[in-house]
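First the structure, which I've put down as structure tokens, then a few questions once you've had a look.
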Amino acid sequence: MSTDLLAHPEQQSRGAAATKVPVTVAYGDGIGPEIMEATLAILDAAGAQIAVEPIEIGERVYLAGNSAGIEPSAWDSLRRTKVFLKAPITTPSGSGYKSLNVTVRKTLGLYANVRPCVSYAPYVSTLHPKMDMVIVRENEEDLYAGIEHRQTDEVFQCLKLITRPGCEKIVRYAFEYARSHGRKKVTCMVKDNIMKMTDGLFYQVFEDIGAEYPEIQKERYIIDIGAARIATKPERFDVIVTPNLYGDIISDIAAEMTGSVGLAGSANIGEHVAMFEAIHGSAPDIAGRGVANPSGLLLAAVMMLVHVRQADVAAKIHNAWLRTIEDGIQTADLQGERTTKTVGTASFAQAVIDRLGSKPNVFAAVSYVNPAVVTKREKPLYVRAAPAKKHIVGVDVFLHNTGSTPDELGNALKALGTHALSLQMITNRGVKVFPGGFPETFCTDHWRCRFVSASDKDFISHRDIISILSNVTEAGFDVIKTENLCTFDGERGFALGQGQ
Ligand code: ATP
């Protein structure tokens, strides 16, 4: 399960086991220190050549007044080692504390979240015994840009940003992952029947880049039915690539379906830095009791070892872990019919250590290959195309307005048109209400008023927009914001109103 497809060159060119690879390690909160100690003990016993650089992040840092939960010195370590093994942390309740995970991912450009979701039936009970999928989730954009505004009394907005570089990086990562892991199929999950421009771009990039991987089967699912199929027929999926929010949701569904949240690890891969962590939280309910399952963090550490080109050690640990599970030695969260001995965190780690060098009997043994040393990337991750010819052909003016009917508002705004721009339509929550709206349409206090030039061929200037804005504001309307309507190389760069 290599995750090191797009890793930074220095890390890859380091010798496999010759020198110790510095790794930044955060012990985290709750069960974090217990599972990290267990994980590092196994790595050490297996002969992993890593030099641990501990940093402090999480609850204590937050409570000491750092709203991001991470000290400036920790960034220095991360930027130096470029590899981060992170235990779960607790974000104190209350506003004012920023999500550490989001901060780390975005600051370090960790654009790909890779989460293998595997069933271990019959040793871990699950309704879905044949599940072996990898979810590759875009990690930096979509609705997670955190650009939210309250615009009117009744309306709040969150901006969904999907970028071409973001799509290209994640889609290429997914195909490269599939190719290097011998996976047969990549499924793209989007909602491009509704979000034709944003999700449409994601899918278009999937088609374009997918064409470079003829040996890999491609398919597309609308996210709603795709999520339903994951829940009912997970065995039909191999690698899934999807934007941030959908990925967040389906990766938790898929992990839960494998039988325990304590089992899955994940990698967050960037161009320069990679972070490895368990998918579960800090589990304060069981912290300090020595009963937590260290498997999620251990399997994340296995991904990390492949990333730092210690594939043999990674396979040795993974196989010993599979054998431990098969032998029925399990932590309390996995307890079931096949459990022969219920053990705590440290004893579980010892059981894995005792089996280093053994292979599983029932599960297929795992083998890994070191990722190729990339000193110079064959193709850059993203090549910026020549800019398109962009022309403004209109403007959407958003108003906060109460008390007017759509027709009253429409007639008032019509009178405010200029020689360059005239009112074309008004929508409320995207539905056309003027001209010719239906009285049944429910209207909020948030109106999108579209002013356009006479034809797509008549381009307008920012000055024309300013004229419209001054007419509208001088007439007493409350303008919330504007969006320019543009064409790019003659193609419309904006959606039509519903009912337009
Ligand atoms: P967070 O918001 O940080 O994700 P949470 O409480 O919602 O926290 P978890 O911390 O993942 O979610 O815990 C969910 C449940 O799973 C808890 O009952 C917890 O005890 C259990 N759990 C989580 N991780 C483990 C683990 N490694 N071993 C055993 N049980 C675990």
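The values are calculated or read from the model by the stated rules, or taken from the named source; none is laboratory data. Treat the numbers as computed from the prediction; the structure is a model and nothing was measured. Don't worry about glycine lacking a Cβ; one is built from the backbone with ideal geometry, like all the others, and counts go over all protein chains shown. Note: areas computed on protein heavy atoms with side chains; ligands, DNA, RNA excluded. Shrake-Rupley method; radii C 1.70, N 1.55, O 1.52, S 1.80 Å.
When ranked by the protection proxy of mean other Cβ atoms within 10 Å per residue, highest first, what sequence do the peptides 259-268, 38-47 form?
259-268, 38-47
In addition: Just how large is the dipole of the chain about the Cα centre, in debye to the nearest 20, putting +1 at every Lys and Arg Cβ and -1 at every Asp and Glu Cβ?
1220
Sticking with this one: Pairs LYS98/LYS184; LYS86/LYS359; LYS185/LYS389; LYS169/LYS196: which exceed 31 Å Cα-Cα?
LYS98/LYS184; LYS185/LYS389
Then there's this: Within region 313-382, report the trypsin sites (Lys or Arg not before Pro) that DSSP leaves as loop and that have at most 16 other Cβ atoms within 10 Å.
Qualifying residues, ordered by number: LYS376, ARG377.
Under the rule of -39500 (n - 2.57) per DSSP H run of 4 or more residues, summed and divided by the residues of the chain, what mean residue ellipticity at 222 nm is obtained, to the nearest 500 deg cm²/dmol?
-9500 deg cm²/dmol
If you take the beta carbon distance between SER67 and GLN157 as r and set R0 to 22 Å, what does 1/(1 + (r/R0)^6) give as a FRET efficiency, to the nearest 0.05?
The value I calculate is 0.35.
Here is a further query. Looking at the chain, send over the antiparallel percent of its DSSP beta bridges, to the nearest 5.
65
Could you work out the relative contact order of region 9-354, using alpha carbon pairs under 8 angstrom and six or more residues apart, expressed as a whole percent?
With pairs under 8 Å counted, the relative contact order is 23 percent.
Using the per-residue mean of other Cβ atoms lying within 10 Å as a proxy for protection, in what order, highest first, do the peptides 324-337, 145-158 fall?
324-337, 145-158
State the volume of the convex hull built on the alpha-carbon positions of region 305-433, expressed per residue in Å³ and rounded to an integer.
Here the figure is 301 Å³ per residue.
Another question, then. Tell me, how many Å apart are the Cα centres for region 235-288 and for region 178-232?
What the calculation gives is 19 Å, centre to centre.
To the nearest 0.05, what FRET efficiency results for GLN204 and PHE442 with a Förster distance of 41 Å applied to their C-beta separation?
With R0 = 41 Å, the Cβ-Cβ based efficiency is 0.75.
What length, rounded to one decimal in nm, is gained on full extension from ILE194 through to ASN361, with 0.36 nm per residue of separation minus their alpha-carbon distance?
Net length gain for the segment: 55.3 nm.
Okay, next question. Round to a whole angstrom and tell me the spacing of the C-alpha centers of region 450-500 and region 354-421.
22
On to the next question. Highest first, please rank the peptides 108-120, 432-444 by the mean number of other Cβ atoms sitting within 10 Å of their residues.
Sorting 108-120, 432-444 by mean packing, highest first, produces 108-120, 432-444.
Continuing with this model, one more query. Let's test the formula: R0 of 35 Å, r as the Cβ-Cβ distance of ASP252 and LYS389. What FRET efficiency results, to the nearest 0.05?
0.20
Taking 0.36 nm per residue of sequence separation and subtracting the Cα-Cα distance, how much length would be gained by fully extending the chain between GLN500 and GLU37, in nm to one decimal?
So the chain would gain 160.6 nm between GLN500 and GLU37.
Same structure, new question: Could you give the length gained on full extension between ASN411 and THR19, defined as 0.36 nm per residue of separation minus the Cα-Cα distance, in nm?
Taking 0.36 nm per residue and subtracting the Cα distance, the gain is 133.6 nm.
Compute the signed sum of charges (Lys and Arg +1, Asp and Glu -1) over the other residues within less than 11 Å, Cβ to Cβ, of LYS169.
With Lys, Arg at +1 and Asp, Glu at -1, the net is -4.
Hey, can you find the accessible area per residue of the chain for me, probe 1.4 Å, expressed in square angstrom?
Each residue of the chain exposes 44 Å² on average to a 1.4 Å probe.
A follow-up question, please. Once you sort the root eigenvalues of the Cα gyration tensor of region 9-354 as a ≥ b ≥ c, which label holds: rounded (a/c under 1.5), prolate (a/b larger than b/c) or oblate (the other case)?
Here region 9-354 falls in the rounded category.
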